[in-house]
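For reference, the structure discussed in these notes is given below.
Derivation of every value follows stated rules applied to the coordinates shown; laboratory data play no part. Keep in mind the model is a prediction, meaning the values are calculated, not measured. Neighbour counts are summed over all protein chains in view; Cβ atoms, including those assigned to glycine, are modelled from backbone coordinates with ideal geometry.
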Amino acid sequence: MAKWTPTHEAPEPLEGPVVATITGGTVLWFVLFLVQLPFYGWFDDHGRTWWLWTCLAGAGLGLIGIWYVRGRDAALKRAAAEQDESGTRTPE
């Protein structure tokens, strides 16, 4: 089987308010869980309790995502500061 090789370079990753986006999504998943929680009986009667647990899982995974993107954002800022510091420092 021949190995597939891309014929063009990969585009630069999109940067934006990643931490805010992940935090907003996590909050949304948790709010959806809380809104559906009073209707647990109806969901249970109709075999749809997985809707609740999906929202709770989304909120839980979102917490992991917030931890991850905050660390990534901090690492990117550290790297940019180090690069800026080394670029403006005069040789002694």
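Dipole check for the chain: with +1 at the C-beta of Lys and Arg, -1 at the C-beta of Asp and Glu, and the Cα centre as origin, the magnitude is about 220 Debye. When peptides 36-42, 48-54, 78-84 are sorted by average Cβ neighbour count within 10 Å, with the highest value leading, the order is 48-54, 36-42, 78-84. If R0 is taken as 25 Å, the Cβ-Cβ distance between residue 83 and residue 63 corresponds to a FRET efficiency of 0.20.
Per-residue Cβ neighbour counts within 10 Å put 46, 8 in the sequence 8, 46, beginning with the fewest.
Kirkwood's formula applied to the C-alpha pairs of the range 18-84 gives a hydrodynamic radius of 13.5 angstrom.
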